[in-house]
1. Would you pick out the residues in segment 143-158 that are touching a residue at least 24 places away in the same chain (Cβ under 8 Å), open to solvent by 10 Å² or more (accessible area, probe 1.4 Å) and not aromatic (F, W, Y)?
2. Considering E185, E161, which residue is in contact (Cβ under 8 Å) with a residue 12 or more places away in the chain, surrounded by fewer than 16 Cβ atoms within 10 Å (Cβ to Cβ) and in a helix (DSSP H, G or I)?
3. When you go through (1) open to solvent by 10 Å² or more (accessible area, probe 1.4 Å); (2) at pLDDT below 95; (3) in contact with a helix residue (DSSP H, G or I) (Cβ under 6 Å, 6 or more places away or on another chain); (4) not aromatic (F, W, Y) one by one for N53, which number turns out not to apply?
4. Looking at L157 and the list (1) over 23 Å from E64 (Cβ atoms); (2) within 17 Å of the chain's Cα centre (by Cα), which single condition is not satisfied?
5. With the condition kept exactly as written, say whether any residue in segment 57-65 is more than 28 Å from R162 (Cβ to Cβ) and touching a residue at least 24 places away in the same chain (Cβ under 8 Å).
6. Could you list all residues from segment 164-177 that are open to solvent by less than 80 Å² (accessible area, probe 1.4 Å) and either assigned to a helix (DSSP H, G or I) or touching a strand residue (DSSP E or B) at 6+ places or on another chain (Cβ under 6 Å) (or both)?
7. From the residues in segment 84-142 that are acidic (D, E) and within 16 Å of I42 (Cα to Cα), which one is surrounded by the fewest Cβ atoms within 10 Å (Cβ to Cβ)?
Amino acid sequence: MERPDFWQIESVHFDRGVQSICGVDEAGAGPLAGRVYAAAVILPRGWDAPYLNDSKKVTEKRREVLYEKIIQAAESYAIAWADEKEIDEINILNARMLAMERAIQALDKTPDLALIDGNRSTGITCPNETVVKGDARSASIAAASILAKVARDRYMLEQAERYPQYAFERHKGYPTKLHYERLREYGPSPIHRLTFLKKL
């Protein structure tokens, strides 16, 4: 799998004297149901693993393997979320940033710099830099994307057991044809994002 030098972005900051960098990414902005998750990860400098990449470019099986490798290797990591009620109240963009800030604040080691996936860092209180498509360009952000994605998928599998009629195990809450069919049949569950359901 081709990918860039995953430490190039971090190395620029290390060369300037920055000591500790965390990567931050979220998962689950688009679904109609459930929490939006975020992870913050401080990796040892130069750490790598086979198939480490943007979580969307990695198979589910490899994401599970990478998840365990990342949490074992990380100098510090944290996973946080904003729930569906918060999403409805403050909108998904603000909820994404809230989940990211919660993940950073939950680290047991304070980073000197946070690399934030995307082009927004509203509400992030520590020194930060945004990196567009960072999950495909930065090892730290890629690691965070894996943790956030796996954590959210596991959560949605738990919700599939609580609300089996929606088949969350198949679509993880994303707006698929099956999901809309089940919504029209059963109406929204307690974990649906009501502000996302205007098409029904």
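1. Selection gives K149, A151, D153.
2. E185
3. (1)
4. If we test L157 against (1) over 23 Å from E64 (Cβ atoms); (2) within 17 Å of the chain's Cα centre (by Cα), just (1) comes out false.
5. Within segment 57-65, one or more residues are more than 28 Å from R162 (Cβ to Cβ) and touching a residue at least 24 places away in the same chain (Cβ under 8 Å).
6. Q165, Y166, F168, H171, G173
7. D108
The values are calculated or read from the model by the stated rules, or taken from the named source; none is laboratory data. Because the structure is a prediction, the values reported are computed rather than measured. Note that each Cβ is placed from the backbone with ideal geometry, even for glycine, and that neighbours are counted across all protein chains shown. Ligands, DNA and RNA are stripped out before the accessible areas are found, and what is left, the full protein with its side chains, is counted by its heavy atoms. Shrake-Rupley method; radii C 1.70, N 1.55, O 1.52, S 1.80 Å.
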